[in-house]
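Student: Structure incoming, see below.
The values are calculated or read from the model by the stated rules, or taken from the named source; none is laboratory data. Small disclaimer: the values here were computed from a predicted structure and weren't measured. Using ideal geometry, Cβ is built from the backbone for each residue, glycine included, and neighbour counts are taken over all protein chains shown.
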Amino acid sequence: MRPDARPFPSVAARVAALNARYRHHSAISVLEHALGDSDAGRVAMVSSFGAESVALLHMVALVDRATPVLFIDTEMLFPETLAYQRELAEMLGLRDVRVIRASRTRMAARDPEGLLHRENPDACCALRKTEPLEHALAPFDAWITGRKRFQSGSRAALEFFEAEGAARIKINPLAHWTRQDIADYMVNNRLPRHPLVARGYASIGCAPCTTPVATGEDARAGRWRGSDKEECGIHVVDGRIVRGPVRQAS
């Protein structure tokens, strides 16, 4: 190391600095700054093009339409999701949407019949989501997510910026938004809803693992219904896939 060189700050140090810097900013302001702040580095957005995705996609389009947007096509998505993804990308003028899929070789070796989701949903998510996303995110220092505190117990303490281990930063501009905030934003900006929302799908993932929710149910109750699985694996806490509400230290 040169005598005048300083150690480059860790992910944890940069996350702390970013949260302190933008703690009281609005969602759009956090997004604007994150896309230009050297502590965030090279940034991509990851979007499911699901029930609430259009709000954040619209914000990204307002700030910088050239922002890379990674869309994981598990090849088990609803046809409506695939059509919605194409519709939004064109409508919003997104210039760099990257459709991410699992390796053909790995699919043939690990899920040749397409039934892995029945036997081992964690392994299916790892094959079709986590591993392809990790490969696609390799060039980036940070990624934008649509995660929000109200979505589940494991997200209740979510901040604008969080460390993904020592690998990269996750940016959550909508962390403090409520479901009503999102609904209002969509109405005020005349944004189209995912077509499955009208059929009771409040949180939309892969077709075999997603069901409609009843009135009064949590929005994510229809994801992996009947199991204790809560996350697909692309979001982790302390290096582990989250299964249920995070137990807070007393």
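Student: So Val15 fits all but one of (1) under 16 Å from Asn172 (Cβ atoms); (2) surrounded by fewer than 16 Cβ atoms within 10 Å (Cβ to Cβ); what number is the exception?
Tutor: Every listed condition holds for Val15 apart from (2).
Student: Only one of these is within 15 Å of Arg193 (Cα to Cα) and out of contact with any Asp or Glu (no Cβ under 6 Å at 6 or more places or on another chain): Leu77, Leu70, Leu116, Leu92. Name it. Before the answer, list the steps.
Tutor: Details: Leu77 fails: within 15 Å of Arg193 (Cα to Cα); Leu70 fails: within 15 Å of Arg193 (Cα to Cα); Leu116 fails: within 15 Å of Arg193 (Cα to Cα).
Matching residue, one of Leu77, Leu70, Leu116, Leu92: Leu92.
Student: If you go through segment 42-52 one residue at a time, how many are surrounded by 22 or more Cβ atoms within 10 Å (Cβ to Cβ) and farther than 12 Å from Ile171 by Cα?
Tutor: The number of residues fulfilling the criteria is 5.
Student: Which of the following residues is crowded, with 18+ Cβ neighbours inside 10 Å, within 22 Å of Asp64 (Cβ to Cβ) and touching a helix residue (DSSP H, G or I) at 6+ places or on another chain (Cβ under 9 Å): Leu116, Leu127, Leu94? Working first, answer last.
Tutor: Numbers: Leu116 fails: within 22 Å of Asp64 (Cβ to Cβ); Leu127 fails: within 22 Å of Asp64 (Cβ to Cβ).
Answer to the selection: Leu94.
Student: Out of all the residues in segment 96-117, is one or more in a loop (DSSP other than H, G, I, E, B) and touching a strand residue (DSSP E or B) at 6+ places or on another chain (Cβ under 7 Å)? Reasoning before the result, please.
Tutor: Taking segment 96-117 and keeping what is in a loop (DSSP other than H, G, I, E, B), we get 96, 101-103, 111-115.
Cutting the leftovers down to touching a strand residue (DSSP E or B) at 6+ places or on another chain (Cβ under 7 Å) gives us 96.
Yes, that holds for at least one residue.
Student: Quick one: which residue in Thr81, Thr74 is crowded, with 20+ Cβ neighbours inside 10 Å, of a type in the set (S, T, N, Q), assigned to a loop (DSSP other than H, G, I, E, B) and at pLDDT 95 or above? First the steps, then the outcome.
Tutor: Values: Thr81 fails: assigned to a loop (DSSP other than H, G, I, E, B).
Residue meeting the stated conditions: Thr74.
Student: Determine whether Ile182 is in contact with a strand residue (DSSP E or B) (Cβ under 7 Å, 6 or more places away or on another chain) and either of a type outside the set (Ser, Thr, Tyr) or closer than 23 Å to Asp37 by Cβ (or both). Full working, then the answer.
Tutor: Numbers: in contact with a strand residue (DSSP E or B) (Cβ under 7 Å, 6 or more places away or on another chain): no; either of a type outside the set (Ser, Thr, Tyr) or closer than 23 Å to Asp37 by Cβ (or both): yes.
Answer is no for this residue.
Student: Let me confirm something: among Ala126, Ala136, which residue is assigned to a helix (DSSP H, G or I) and at pLDDT 95 or above?
Tutor: Values: Ala126 fails: at pLDDT 95 or above.
Being assigned to a helix (DSSP H, G or I) and at pLDDT 95 or above holds for just one of Ala126, Ala136, which is Ala136.
Student: If you don't mind, another one. From Asp96, Asp122, Asp64, which residue is more than 15 Å from the chain's Cα centre (by Cα), closer than 27 Å to His24 by Cα and acidic (Asp, Glu)? Outline the logic, then answer.
Tutor: Numbers: Asp96 fails: closer than 27 Å to His24 by Cα; Asp122 fails: closer than 27 Å to His24 by Cα.
From the options Asp96, Asp122, Asp64, the qualifying one is Asp64.
Student: State yes or no: is Arg220 of a type in the set (D, E, K, R) and either assigned to a loop (DSSP other than H, G, I, E, B) or under 30 Å from Asp37 (Cβ atoms) (or both)?
Tutor: On the way: of a type in the set (D, E, K, R): yes; either assigned to a loop (DSSP other than H, G, I, E, B) or under 30 Å from Asp37 (Cβ atoms) (or both): no.
No.
Conditions tested, residue by residue: (1) more than 26 Å from Ala89 (Cβ to Cβ); (2) out of contact with any strand residue (DSSP E or B) (no Cβ under 9 Å at 6 or more places or on another chain); (3) modelled with pLDDT under 95; (4) part of a helix (DSSP H, G or I).
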position: Ala5; (1), (2), (3), (4): yes, yes, yes, no
position: Pro9; (1), (2), (3), (4): yes, yes, yes, no
position: His24; (1), (2), (3), (4): yes, yes, yes, no
position: Ser29; (1), (2), (3), (4): no, yes, no, yes
position: Asp39; (1), (2), (3), (4): yes, no, yes, no
position: Met45; (1), (2), (3), (4): no, no, no, no
position: Phe49; (1), (2), (3), (4): no, no, no, no
position: Val54; (1), (2), (3), (4): no, yes, no, yes
position: Val60; (1), (2), (3), (4): no, no, no, yes
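Student: Please give the number of the condition Ile204 fails out of (1) surrounded by fewer than 22 Cβ atoms within 10 Å (Cβ to Cβ); (2) touching a helix residue (DSSP H, G or I) at 6+ places or on another chain (Cβ under 7 Å); (3) farther than 17 Å from Tyr22 by Cα; (4) modelled with pLDDT under 95.
Tutor: Tallying (1) surrounded by fewer than 22 Cβ atoms within 10 Å (Cβ to Cβ); (2) touching a helix residue (DSSP H, G or I) at 6+ places or on another chain (Cβ under 7 Å); (3) farther than 17 Å from Tyr22 by Cα; (4) modelled with pLDDT under 95, Ile204 fails exactly one: (1).
Student: A further question on this structure: Among the residues of segment 25-41, is there at least one that is surrounded by fewer than 22 Cβ atoms within 10 Å (Cβ to Cβ), hydrophobic (A, V, I, L, M, F, W, C) and touching a Lys or Arg at 6+ places or on another chain (Cβ under 9 Å)?
Tutor: Step one: filter segment 25-41 for residues surrounded by fewer than 22 Cβ atoms within 10 Å (Cβ to Cβ), giving 25-29, 32-33, 35-39, 41.
Now drop any that are not hydrophobic (A, V, I, L, M, F, W, C), which leaves 27-28, 35.
Filter once more, keeping what is touching a Lys or Arg at 6+ places or on another chain (Cβ under 9 Å): none.
For segment 25-41, residues surrounded by fewer than 22 Cβ atoms within 10 Å (Cβ to Cβ), hydrophobic (A, V, I, L, M, F, W, C) and touching a Lys or Arg at 6+ places or on another chain (Cβ under 9 Å): absent.
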